[in-house]
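Notes follow the structure.
The values are calculated or read from the model by the stated rules, or taken from the named source; none is laboratory data. What you are looking at is a predicted structure, and each value in this text was computed from that prediction instead of being measured. A quick note on method: Cβ atoms are made from the backbone with ideal geometry, for glycine too, and the neighbour counts reach across all protein chains shown. These area figures cover heavy atoms from the full protein model, side chains too; ligands, DNA and RNA do not enter into them. Shrake-Rupley method; radii C 1.70, N 1.55, O 1.52, S 1.80 Å.
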Amino acid sequence: MRTRLLLLVVPSLAVAALATPVVATASVTPWPQYQGSAARTGDATSAPAPPYRIVWSAATDIGDASHAAGIPAPVVANGEAIVVGRQSVDAVDLSDGSSAWSSPRSLGPSSPPAVVGNTVLFVEGGGDESVSASSSPSASPSATPSASSPGKASSAPSAIASPSATTTTSTLVAIDASTQRRLWTVGLSGVSHTGVIVAGGVAIVGADDGTVTAVDPATGKQAWSVDVGDHVLAPMAADETQVYVCVRPETNGTAQLVALKLTDGSEAWRYQPTGSVADLGAPAVASDGATSTVYLVSSDAALRAIDADGTQRWAEPLYTATSGAPPAVSSDTVYVADQSGMVYAFDRSTGAERWRFATNHGAVGAPVVTATAVLQPTSDGVVTAIAPDSGHRVWEGSVADSAVFGLAVTPDLVVAAHTGSAPGLTALQPDPSGALTDVASPTSADPAGLALGWLAAAVPLTAALVLIGRSWDGRREDALLAPAADEDLPVDPWEADLEGDT
């Protein structure tokens with residue numbers, strides 16, 4: 001069974017036009033993997049503060065709302081923002097948004113790349129999984145995972161393969177960012193949606209047949225490959241010793257979180273929540289010294305914290321289920337958004353809810369946390385900035401007219417990858433002429449404001465009711481006070497029953 005990302009298209013504001021081009025500065029702190037690092041915490045140690053303005057927009061091969069598929073989230077390295085599109089990997093110069101290079105790839109679901117030095121690692125192939133493919137008779141076929149005969153990736157890199165028009169399985173590819181020359185390719189046994197994660201000196205990918213494969217990023221030589229069972233669809237997370245893989249059941253059953261040792265792929269532990277939970281989404285892992293905690297969202301609308309030994313520390317409910325994107329994790333707080341666009345802040349240690357903010361925009365991408373804001377991309381092209389301490393919205397702006405899939409952050413820029421009528425990358429930088437807001441969530445209670453509002457409405461309403469009541473009483477006084485006429489009145493059967501009447 002294949003899982004396909006169906007995009008919710010919601011009308012939005014048009015992308016703001018700039019009267020004069022503004023050149024961004026070149027200061028860059030690498031964001032070389034999805035959500036910044038192998039931990040997937042989305043924690044930006046250095047980032048620009050809101051308010052923002054659009055500094056440039058660049059077209060890439062992400063696809064419009066009906067053709068995009070997967071997670072085309074950006075990474076940043078070597079002064080470039082890189083995103084995996086439908087049939088190309090595109091790099092954009094951070095300073096002005098000009099095209100740096102583009103490398104072809106076989107058609108397949110987009111997934112986040114990873115950059116090691118000057119090498120870009122990405123996955124290609126698997127066929128068309130876009131919304132448009134379901135109604136297209138010429139759509140490329142897709143591989144279906146087989147539970148009875150799980151495949152394995154080859155133990156050595158294959159001959160360097162050029163992109164093909166139609167492939168039913170995925171391939172892990174390494175290219176030189178300077179020349180776009182293919183360095184090596186490794187064929188996988190299924191279609192990969194996880195993107196590439198680099199940790200412990202190996203590059204790791206998962207496939208929808210349950211295979212997780214690790215290779216040497218310099219040579220493509222296989223380090224290990226294991227079958228964890230069922231489907232591996234979501235991006236993985238890793239700390240210094242283990243990689244954390246969410247396994248989704250093919251039909252009935254409950255999803256599991258599996259910890260694999262980076263050294264040899266052997267299983268360290270396996271966590272399974274109680275009840276029927278079909279999906280655990282993409283994990284994020286935060287480390288405190290030698291101890292790690294994995295945070296993940298689940299299809300039963302809950303955020304869970306899993307300790308280093310695989311036991312559940314806490315679980316907290318959400319208003320609705322999430323899209324499966326990983327939560328963002330700071331030094332003391334976990335931030336997550338559900339599909340309705342409600343953004344939450346939970347205490348990392350106890351799970352106590354600190355605040356929630358209703359953005360009134362659907363959310364598909366993962367949040368990013370900086371020192372000054374929690375940045376939430378939305379399904380209608382808006383990026384919302386919420387103060388980490390108060391939970392109040394301090395800025396909001398439109399960057400596209402459809403879904404924003406992910407953000408990458410540098411000290412000077414916030415780069416958003418989005419679909420829509422002009423799919424690609426859009427960069428935000430601080431706006432000197434902009435203004436911050438201080439907007440509480442529409443769902444927040446304000447006792448003082450509610451009391452004043454009630455009084456403002458109640459006084460004239462009460463006066464009006466008194467006047468109406470006097471007029472009505474004057475007209476009805478005789479009828480109300482007159483004795484009842486001697487006539488047969490209907491009898492309440494329940495009253496008769498209580499009085500013992502027959």
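Sort out for me the Cα centre separation of region 200-264 from region 339-398, rounded to whole Å. That distance is 29 Å. Each principal axis of the Cα cloud of region 264-319 was evaluated for its coordinate range; sorted largest first, these ranges are 35, 23, 17 Å.
At the listed q of 0.13, 0.24, 0.27, 0.30 Å⁻¹, the Debye profile of region 200-242, built from one uniform point per Cα, gives log10 I(q)/I(0) equal to -0.27, -0.87, -1.01, -1.11. Residues Thr251, Thr311, ordered by accessible area of protein heavy atoms at a 1.4 angstrom probe radius and largest first, appear as Thr251, Thr311. At q = 0.26 Å⁻¹, work out log10 I(q)/I(0) for region 304-382 with the Debye formula, treating every Cα as an identical point scatterer and leaving solvent out; two decimals please. Here the Debye-derived log intensity ratios amount to -1.32. Taking all protein chains as shown and a probe of 1.4 angstrom, Glu267 keeps an accessible surface of around 100 Å². Rg over Rh for region 338-411 works out to 0.96, both radii taken from alpha-carbon positions and Rh defined as the Kirkwood radius. Electrostatic bookkeeping for Ala38 treats Lys and Arg as +1 and Asp and Glu as -1; over the other residues with beta carbon under 14 Å from its beta carbon, the sum is -2.
Could you tally the net charge around Thr350, taking each other residue with its Cβ under 11 Å from the Cβ of Thr350, Lys/Arg +1 and Asp/Glu -1?
Numbers: positive: Arg313, Arg348, Arg354; negative: Glu316, Asp332, Asp347, Glu353.
Neighbourhood net charge equals -1.
In order along region 370-383, phi translates into HN-Hα couplings of 10, 5, 10, 7, 9, 9, 10, x, 10, 7, 10, x, 9, 10 Hz, rounded to whole numbers, per the Karplus curve 6.51 cos²θ - 1.76 cosθ + 1.60 with θ = phi - 60° and x for Gly and Pro. Measuring with a 1.4 angstrom probe and ignoring ligands and nucleic acids, His392 comes out at about 60 Å² accessible.
All other residues with a Cβ under 12 Å from the Cβ of Ala268 taken together, and with Lys, Arg as +1 and Asp, Glu as -1, what is their net charge?
Working: positive: Lys261, Arg270; negative: Asp239, Asp264, Glu267, Asp309.
Neighbourhood net charge equals -2.
Report the Stokes-Einstein translational diffusion coefficient (µm² s⁻¹, integer) for region 191-337, Rh taken as the Kirkwood radius over Cα pairs, at 37 °C with viscosity 0.692 mPa s. Let's see the in-between values first.
Numbers: Rh = 15.2 Å.
So the translational diffusion coefficient is about 216 µm²/s.
With a Förster radius of 41 Å applied to the C-beta separation of Asn118 and Ala371, the computed FRET efficiency comes to 0.85. The Cα-based radius of gyration and maximum Cα-Cα distance (Dmax) for region 253-410 are 15.6, 46 Å.
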